[in-house]
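Peer 1: Structure provided below as structure tokens; questions to follow.
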Amino acid sequence: MEKRQLGSTGMVVSPLCFGGNVFGWTIDETQGFKLLDALSEAGVNFIDTADVYSTWAHGGEGGQSETIIGNWLKKSGKRDSMIIATKVGKEMGPGKKGLSKAYITKAVEDSLKRLHTDYIDLYQSHDDDKETPLEETLETFTDLIKQGKVRAIGASNYSGARLAEALQVSKNNKFAAYQTLQPLYNLYDREGFERDLQPVCQEHSIDVINYYALASGFLTGKYRTEQDLAKSKRASNKKYFNERGFKILKALDEVSAQYNANPAQVSIAWLLSRPTILSPIASATTVEQLGDLIKATELKLDKEAIALLTDASE
């Protein structure tokens, strides 16, 4: 599998980032290990998780995803061949959230322990914390890099203005700078990223690892009626069930037929053709689903197919 450079970090990653939110939520450790073995064997070396995964399924207690990934890293002995991205900032319990020095310093140790590692490849701000000065957050991240506990940093859920401000703070103070951005972006959810964030990413050479690459399953084409939503805990919500959404599915069906592919593969291939997109994040709960995602990285759409999808989703 062809690898891509991650910012100026020297790290190289697969053009697909596996979304670890499923670990400890819709799949247990046994199935998780099977998926991790399969993705590693296929050449996918990039896994995204967060300390908060999956609080929603465990009464507010998180850490399940990091724990499963960490147990696999320990058992498989593949830590050095994987790029592990995790996040900090979302609420992990009363008083346990944000991007203050005190909280990050504690949270990183908890993540390192769960992951059974002494370093995190990409440590990301999960949310913008406007109550903490950017200088404090970025200086703390810089210290973690100097200590060898973190290799690079990224941002998630920032506005374009705040991302630009954070990059300027890093430049002014010679702090470590965000190398990546993790926004919502897919064929349906385009406007927020393309209008507000893409220009900043292009100007500052920020690599994008977008989440919900398949719009919570809608872009797989499996959910075309409200009745279909009952098929999966991870199914898309009803916001996609409108004229524009079905127009996108029609275009996906047309391109899929042309390339003997499926809508999920075509959706990811379209993302990989977009400016600044490094490695879309997508999840699977079976080895078969994972195989579909991996095939997407090998699918090269021509200009006509890209234009058809871009116009349909405008």
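The values are calculated or read from the model by the stated rules, or taken from the named source; none is laboratory data. Computed from a predicted structure; not experimentally measured. Neighbour counts are summed over all protein chains in view; Cβ atoms, including those assigned to glycine, are modelled from backbone coordinates with ideal geometry. Ligands, DNA and RNA are excluded from the accessible area calculation, which covers all protein heavy atoms including side chains. Shrake-Rupley method; radii C 1.70, N 1.55, O 1.52, S 1.80 Å.
Peer 1: Grab the beta carbon distance between Glu109 and Glu191, set R0 = 41 Å, and tell me the FRET efficiency rounded to 0.05.
Peer 2: Calculated value: 0.60.
Peer 1: In square nanometres, what is one fourth of the surface area of the convex hull spanned by the alpha carbons of region 1-115?
Peer 2: If I average the Cα hull's projected area over directions, I get 7.5 nm².
Peer 1: With the Cα gyration tensor of region 148-201 giving a ≥ b ≥ c as the square roots of its eigenvalues, does the rule (a/c under 1.5 for rounded; else a/b larger than b/c for prolate; else oblate) give rounded, prolate or oblate? Present the calculation step by step, with values, prior to reporting the outcome.
Peer 2: Details: a/c = 3.64, a/b = 1.71, b/c = 2.13.
It comes out oblate by the Cα gyration axes.
Peer 1: With the cut-off at 27 Å, tell me which of the pairs Lys96/Lys171; Lys149/Lys171; Lys106/Lys174 have Cα atoms farther apart than that.
Peer 2: Lys96/Lys171
Peer 1: Using R₀ = 25 Å, calculate the FRET efficiency as 1/(1 + (r/R₀)^6) where r is the Cβ-Cβ separation of Thr310 and Ser8; round to 0.05.
Peer 2: E(calc), rounded to 0.05, equals 0.30.
Peer 1: Stokes-Einstein at 10 °C, 1.306 mPa s, Kirkwood radius from Cα pairs: D for the chain in µm² s⁻¹?
Peer 2: 80
Peer 1: Take the alpha-carbon positions of region 79-201, form their convex hull, and give its projected area averaged over all directions (one quarter of the hull surface) in nm².
Peer 2: The number I arrive at for region 79-201 is 8.3 nm².
Peer 1: Continuing with this model, one more query. In nanometres, what is the gap between the two model label sites at Asn242 and Lys303, each 7 Å from Cα along Cα-to-Cβ?
Peer 2: 3.2
Peer 1: Quick one: compute the contact order of region 1-125, relative version, from alpha carbon pairs under 8 angstrom and 6+ residues apart, as a percent. List each step's numbers first, then the result.
Peer 2: Working: 201 pairs, mean separation 28.3, N = 125.
Normalised by residue count, the contact order of region 1-125 is 23 percent.
Peer 1: On a 0 to 90 degree scale, rounded to 10, what angle separates helix 160-173 from the longest Cα axis of the chain?
Peer 2: Result, in degrees: 30.
Peer 1: Follow-up question, since we're still on this one. Separation between the Ser81 and Lys174 pseudo-spin-labels, each 7 Å from Cα along Cα→Cβ, expressed in nm?
Peer 2: Output for this residue pair reads 4.0 nm.
Peer 1: Under a straight-distance cross-link criterion of Cα-Cα below 22 Å, which lysines are reachable from Lys238, leaving out those fewer than 8 residues away in the same chain?
Peer 2: Lys222, Lys247, Lys250
Peer 1: With a cut-off of 8 Å between alpha carbons and a minimum separation of six or more residues, what is the relative contact order of the chain in percent?
Peer 2: Worked out over the chain, it gives 17 percent.
Peer 1: If you roll a 1.4 Å probe over the heavy atoms of the protein chains, what accessible area per residue do you get for the chain, in Å²? Could the numbers behind the result be given before it?
Peer 2: Working: 13670 Å² over 314 residues.
On a per-residue basis, 44 Å².
Peer 1: Of the heavy-atom accessible surface of the chain (probe 1.4 angstrom), what whole percent is carbon and sulfur?
Peer 2: The computed percentage sits at 48.
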